[in-house]
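Here is the structure we will look at, set down as structure tokens.
Rule-based calculations on the coordinates, nothing more; no lab input. Remember, predicted model here, so these are calculated numbers, not experimental data. Glycine also receives a Cβ, built like all others from the backbone with ideal geometry; neighbour counts cover every protein chain displayed.
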Amino acid sequence: MEHALQLRTATPGDREWIHELCHRVYAEELGQHPVDPSGTLRDGLDGDNVYLVAARGDTRIGFISLTPPWVGRYSLDKYLTREELPVLTDEAPFEIRVLTVEPQWRSTAAAPLLMYAALRWVAARGGRSVVAMGRTDLLDMYLAAGLRPVGRTVRSGAVSFEVLSGSVPELTRTVAERHGRILERLRTRLDWRLDPPFAPQADGCEHGGAFFSAIGTDFRTLTRRHEVVAADVLDAWFPPSPEVRAILAEDPGWAARTSPPTGAEGLLAEIAGVRGLPVESLVVGAGSSDLIFRAFGRWLTPGSRVLLLDPGYGEYAHVTERVIGCRVDRLRLSREDGWRLDPARLAAATGDGRYDLVVVVNPNNPTGRHAPADALRAVIEASPARTRWWIDEAYLGYADPADSLVGLASVDARVAVCTSLSKMYALSGMRAAYLVTGPDTAGELRRWTPPWPVGLPAQLAAVTALRDPGYYAERWARTHVLRRELAHGLEASDGFTSVDEGVANFLTVTLPPDGPSAARLVRECRRHDVFLRDLSPMSPAYEGRTVRIAVRDTAENARIVAACRSALDALREPAAAVPGTSGRAASGRASR
């Protein structure tokens, strides 16, 4: 594709051209800045911005600049205070800036494609909103892309700008609706070298499980499962208990053809007995996602306000924001605080009763951190009566199964505890989960539960698993040993700035800011049939450089370590030759 339009991350070799083009356009052509004898334009954000470049062969055509929120400052800070522009603090946006194209290429698709590339880059880093300074004489172009004025105009030299903003999901939908066909035609003539795929995925929550594409989703090559390491999804590394396997093998033909108990009565009774709960407080479903969709669809409306942890399990943001359309705020967790959930911050955020629902995943996925139940209970009990709490305890068994809030949930109508049987009991393929909440609330949800919510093989497996606690306790304990061994192997690899274990059946590794992106590491490991999870789309807090790795058995953990080492070696080439690097070494003019 030698003559195709190439879109890539800027390399150090592009820097002088960027500075020189900025001077020609913003000093000499537009008069925004004084002419500099050096013929170049630089400023204080150089080194922190990311630059995407359009080129055709050796000919550079144009570029666009992005300032990620983790930089901690924006070019807009030069013109407006945070009080005048609260979006910079409230939403932690990505700033899209300095869209600049060589004069002879301005009538081509280069500028719109650079804007589209910036949107895809932001989305791939978990960006939820963007801000921009759009030249007033080009305002129609920005409005056509879906950006909207915030009511602030700034002036720099002879040029005036309108401050614009937009949500990333809405911008993505607008681009698809208005320009999808054109983009699809242009796609065939592009040399796309950016981390994210050219087209966004279909509307839905992005989950792990890409490994199945290597096995074959048509199930015709299932023998490939022995060659693939599925560490991008948090399925158990161990099989179900021998008793579970025995009951499933006893008469699989009967289990497959026979309708299960209509309301999963036996499963409900077993859960109630094992957990010491009244059966009236329980609702079962085909996995936690079934319960999330069912409950949230009954409880929330587009007028509801919801608080989520960030980072946090993506299904909650998907259902509340994209499916229902709630107003969603986020309580941001930080790497500097060890991703710890501070109960005092949570109490301060929820104390005024502004939220209809607060969601806490504990232990958290993807951070792996666990907040003690006593601390959460104190916050919940002190919160206003109008606020409902949803506690997701899918991975609690890896911390302490006794440290649960199910007791509180069974008597407090404001509290619901969701527990998946999939991950802890090695039943992900079966799809079984349960919800604990007050009897009245549980009864209403049961009225909206269709008959046979859990299939017969899944009911048989779940009941039998709950009757074999010794087997699972030993497997959970072994998981901690395997996680520590995996962490040691990865820590010995040269290329990660940190290996963070947490308490559950996974860990995270973080790449240096000037190293390859998480997406590139994941892609390179797939060459070895090792599938890992890029956390970048989940939250900007990961800065595009953190990967989650599920704990597997000893042999597969060794393959994970070997694949990571090989991938890091392959990616350890000069940044100038690597498309998709972080761009921190690139520079440009921040005030435009």
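Gyration tensor analysis over the Cα atoms of the range 165-304 returns equivalent ellipsoid semi-axes of 40, 26, 14 Å (largest first, whole Å). As a test, work out the antiparallel percent of DSSP beta bridges whose residues both lie in the chain, rounded to the nearest 5. Around 65 percent of the beta bridges assigned by DSSP in the chain are antiparallel ones.
Each principal axis of the Cα cloud of the range 472-517 was taken in turn, and the coordinate range along them, longest first, works out to 42, 16, 11 Å.
Expressed per residue, the C-alpha convex hull volume of the range 198-237 stands at 105 Å³.
For the peptides 378-384, 4-10, 39-45, the ranking by packing is 4-10, 39-45, 378-384, with the highest mean count of neighbouring Cβ atoms within 10 Å listed first.
Modelled spin labels at residue 497 and residue 173, positioned 7 Å past Cα toward Cβ, are 3.5 nm from each other.
For the chain, the alpha carbon convex hull comes to 159 Å³ per residue, rounded to a whole number. Taking only the C-alpha atoms of the range 117-208, the Rg (one decimal) and the largest Cα-Cα distance, Dmax (whole number), read 14.9, 50 Å. Compared with the dominant Cα axis of the chain, that is its longest principal axis, helix 456-466 is turned about 80°. A simple spin-label model places pseudo-atoms 7 Å from Cα toward Cβ; at residue 78 and residue 256 they are separated by 6.8 nm. Legend: Rg and Dmax of the range 279-414, from Cα coordinates, 14.1, 43 Å. In the range 377-532, Rg over Rh equals 1.06, where Rg is the alpha-carbon radius of gyration and Rh the Kirkwood radius from pairwise Cα distances. Toward the positive end of the charge dipole of the range 398-501, with +1 on the Cβ of Lys and Arg and -1 on the Cβ of Asp and Glu, the farthest Cα among 470, 427, 406 is that of 427.
Using the Cα atoms of the range 304-366 to build a convex hull, what is its mean projected area in square nanometres? For the range 304-366, averaging the hull's shadow over all directions gives 4.1 nm².
Note on the range 246-345: percent of Cα-Cα distances in each 10 Å bin, starting at 0 and stopping at the bin with the largest distance, equals 12, 27, 28, 22, 10, 1.
The long axis of helix 469-491 is offset from the longest Cα principal axis of the chain by roughly 20 degrees. Computed from the Cβ-Cβ distance with R0 of 35 Å, the FRET efficiency linking residue 141 to residue 35 stands at 0.85.
Across the range 350-433, Cα-Cα pairs farther apart than 15 Å form 58% of the total. Relative to the Cα centre, the charge distribution of the chain, modelled as +1 at Lys and Arg Cβ and -1 at Asp and Glu Cβ, gives a dipole magnitude of about 960 debye. Principal semi-axes of the equivalent ellipsoid, √(5λ) from the alpha carbon gyration tensor of the range 52-192, are 25, 17, 14 Å from largest down.
Distance between the C-alpha centres of the range 22-96 and the range 130-169: 14 Å, rounded to the whole angstrom. For helix 168-187, what angle does its Cα long axis make with the longest principal axis of the chain, in degrees from 0 to 90 and rounded to 10? The answer is roughly 70 degrees.
Over the residues of the chain, the helix contribution to mean residue ellipticity at 222 nm works out to -9500 deg cm²/dmol, using -39500 (n - 2.57) for each DSSP H run of at least 4. Estimated at 0.36 nm per residue, the fully extended path between residue 446 and residue 375 surpasses their Cα-Cα distance by 22.5 nm.
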